[in-house]
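Engineer: Here it is: the structure, laid out below.
Read-outs: derived from the displayed coordinates by stated rules, not from any lab. Source: prediction; values computed, not measured. As a convention, Cβ positions derive from the backbone with ideal geometry for all residues, glycine included, and neighbour counts pool all protein chains shown.
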There are 2 protein chains.
Amino acid sequence: MLEHYGTHLDAPAHFSLGKTTVDQIPVKQLFGPAVVLDVREQGAKDPDFQLRVPHIEEWEKHHGQVSAGAIALLRTGWALRWPDAKSYRNQDTKGKMHFPGFSAEAAKLLIERKVSGLGCDTMSVEYGASEDFALHRVTLGAGLYHLENLADLSTLPETGAFLIAAPIKLEGGSGGPVRVFALLP
Amino acid sequence: MLEHYGTHLDAPAHFSLGKTTVDQIPVKQLFGPAVVLDVREQGAKDPDFQLRVPHIEEWEKHHGQVSAGAIALLRTGWALRWPDAKSYRNQDTKGKMHFPGFSAEAAKLLIERKVSGLGCDTMSVEYGASEDFALHRVTLGAGLYHLENLADLSTLPETGAFLIAAPIKLEGGSGGPVRVFALLP
């Protein structure tokens, strides 16, 4: 079974041997309120857009502090490009991909808030043009997981939905296919 | 991706072309109260044991009528044989398998009760020695799904738990890997 394909979960073990594998993620960490960070407008203007700390602070001004155990979702609108894989990957002539992502410093703030994981409607929670995978090192190193290639997030409210992430329990897997349900308020 | 392997879901399309595929099962049908039918004692004595109508009537005497939208689980104790595949399959010298299952007439009563699906801690909701797959025809034909090779069910109460079955959304799949969570009362 391919581990990092379709809608999938990256386990902390994806980047570091010895870290939690997909079958070991505590079930409690797979259930949590959805924090939806909307960057559709920014991403439409700049496909290399990275969500920064002030954006989260702005969200918190409206909705209160991101709660421990939340799952933070980046809504870029990229899912609407699917199934046009070319437009979804958005590669330049050198093969580099261009789609928005979380910045590493924004991830650090979300880790301080004790979120359980990050998710996105693109191929990766890290922006497509990243060369150093700075975000992956920060988040997976801190025991978070990623939900990638999520379907259209447009019907989710910015706060109030509850997520259930159900990865297939691949023994020792660094990730794997995941079904994600959102319970709407 | 293999569709009928490990802990997996049989979609109605498993036996009938034109029936619901795994990606088309309404989400509402994947959430429901667990009705646990315990046949560990009977299965230990007779590995060809089939759950019959009186067993369900006895369960209902104690817990009230099986509710619409419930997921009926057969608890045989077979999961404890895993990972000893030989003992789990329990084949005789002719290769026929022997493990307990639901009988077709018990399934018909559960369909009358409008359950959403059946599940078991064996390889199949139908008893291992079945040659005609009578149960599969009844249940899948009625739009039910099966959850097979579930892990140990011993901590589930006979009533009061709530199940979330999360199959991977394989387009057009006749079934596929599933993660199943039980919320305990």
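Engineer: Can you compute 3J(HN,Hα) from phi for each residue in the stretch B:18-23, using the Karplus curve 6.51 cos²θ - 1.76 cosθ + 1.60 with θ = phi - 60°, rounded to whole Hz and x for Gly and Pro?
Structural biologist: For the stretch B:18-23, the Karplus curve yields x, 7, 4, 8, 4, 6 Hz.
Engineer: In the structure displayed, which of A:28/A:114; B:114/B:169; A:169/B:169; A:28/A:169; A:108/A:169; B:108/B:169 lie more than 19 Å apart, Cα to Cα?
Structural biologist: Details: A:28/A:114 13 Å; B:114/B:169 24 Å; A:169/B:169 15 Å; A:28/A:169 15 Å; A:108/A:169 28 Å; B:108/B:169 28 Å.
The pairs that break the limit, which is 19 Å between Cα atoms, are B:114/B:169; A:108/A:169; B:108/B:169.
Engineer: Also, quick follow-up: Tell me the distances, shortest first, between residue A:62 and the same position across the other copies, using label points 7 Å along Cα→Cβ, in nm to one decimal.
Structural biologist: Counterpart label points of residue A:62 in the remaining copies fall at 5.2 nm.
Engineer: Another question, if that's okay. Nearest 500 deg cm²/dmol is fine: what mean residue ellipticity at 222 nm does chain B get from its DSSP H runs of n ≥ 4 alone, each adding -39,500 (n - 2.57), divided by its residue count?
Structural biologist: The helix-only estimate for chain B comes to -5500 deg cm²/dmol at 222 nm.
Engineer: Given chain A, what percent of its DSSP beta bridges are antiparallel, to the nearest 5?
Structural biologist: Approximately 50 percent, going by the DSSP bridge assignments.
Engineer: Additional query: With charges only on Cβ, +1 for K and R and -1 for D and E, what is the dipole size of the stretch A:60-135 about its Cα centre, in debye, rounded to 20?
Structural biologist: 160 debye
Engineer: Name the nearest-to-axis residue of chain B, judged by Cβ distance to the rotation axis taking chain B onto chain A, and quote that distance in whole Å.
Structural biologist: Smallest Cβ distance to the axis, with its residue: B:166, 2.
Engineer: While we're looking at this one, here's another question. For residue A:94, list the lysines whose Cα falls under 20 Å from its own Cα; do not include residues on the same chain fewer than 8 positions away.
Structural biologist: A:86
Engineer: Does the stretch A:19-67 come out rounded, prolate or oblate, given a ≥ b ≥ c as the square roots of the eigenvalues of its C-alpha gyration tensor, rounded meaning a/c under 1.5 and, failing that, prolate meaning a/b above b/c?
Structural biologist: Here the stretch A:19-67 falls in the oblate category.
Engineer: Can you figure out the FRET efficiency of residue B:183 with residue A:24, using R₀ = 22 Å and their beta-carbon distance, to the nearest 0.05?
Structural biologist: Efficiency, from the Cβ-Cβ distance: 0.60.
Engineer: To continue, here is another question. Identify which of B:27, B:36, B:66 has the largest mean-square fluctuation in a Gaussian network model of chain B, with springs joining Cα atoms closer than 10 Å.
Structural biologist: B:27
Engineer: Near residue B:19, which aspartates and glutamates are there with a Cα under 14 Å away, not counting those fewer than 8 places off in the same chain?
Structural biologist: Within reach: B:10, B:171.
Engineer: Here's another thing I want to ask about it. Roughly how many debye, to the nearest 20, is the charge dipole of chain A about its Cα centre, given +1 on each Lys and Arg Cβ, -1 on each Asp and Glu Cβ, and no other charges?
Structural biologist: Numbers: 18 positive and 22 negative charges, 43 e Å.
Dipole of chain A, to the nearest 20 debye: 200 debye.
Engineer: To one decimal in nm, how far is residue B:172 from the same spot in the other copies, if labels go 7 Å from Cα toward Cβ? Please give the shortest first.
Structural biologist: From this label point to the equivalent ones elsewhere in the assembly: 3.4 nm.
Engineer: If you count, for every residue in B:19-31, the Cβ atoms of partner chains within 10 Å of its Cβ, what is the mean?
Structural biologist: 1
Engineer: Top mean-square fluctuation among A:20, A:155, A:93, Gaussian network model of chain A, C-alpha springs under 10 Å?
Structural biologist: Fluctuation is largest for A:93.
Engineer: Just to be sure I understand: of the beta bridges DSSP finds with both ends in the protein assembly as shown, what percent are antiparallel, rounded to 5? Could the numbers behind the result be given before it?
Structural biologist: Values: 32 of 62 bridges.
Of all bridge pairs located within the protein assembly as shown, approximately 50 percent are antiparallel.
Engineer: May I pose another question? Mind checking the stretch A:121-154 for GluC sites (Glu not before Pro) that DSSP puts in a loop (not H, G, I, E or B) and that have at most 16 other Cβ atoms within 10 Å?
Structural biologist: A:131
Engineer: Given springs between every Cα pair under 10 Å in a Gaussian network model of chain B, which of B:80, B:51, B:147 has the largest fluctuation?
Structural biologist: B:80
Engineer: Something else: If a/c stays under 1.5 just call it rounded; otherwise compare a/b with b/c (prolate if a/b is bigger, oblate if not). Do that for the stretch A:20-99, with a ≥ b ≥ c from the square roots of the Cα gyration tensor eigenvalues.
Structural biologist: Verdict is oblate for the stretch A:20-99.
Engineer: Still on this model: Taking a ≥ b ≥ c as the square roots of the Cα gyration tensor eigenvalues, with a/c under 1.5 meaning rounded and otherwise prolate when a/b beats b/c, else oblate, which class fits the protein assembly as shown?
Structural biologist: It comes out prolate by the Cα gyration axes.
Engineer: Report the charge-dipole magnitude of the stretch A:42-95 in Debye, nearest 20, computed about the Cα centre from +1 at each Lys and Arg Cβ and -1 at each Asp and Glu Cβ.
Structural biologist: Values: 8 positive and 7 negative charges, 46 e Å.
Using Cβ point charges on Lys, Arg, Asp and Glu, the stretch A:42-95 gives about 220 debye.
Engineer: Choose one of B:93, B:172, B:156: the residue whose Cα lies farthest towards the positive end of the charge dipole of chain B (beta-carbon charges +1 Lys, Arg; -1 Asp, Glu; about the Cα centre).
Structural biologist: Of the candidates, B:172 comes out farthest on the positive side.
Engineer: Further question on the same structure: Quick one: check the C-alpha center-to-center distance for the stretch A:6-46 versus the stretch B:43-122, whole angstrom.
Structural biologist: 37 Å
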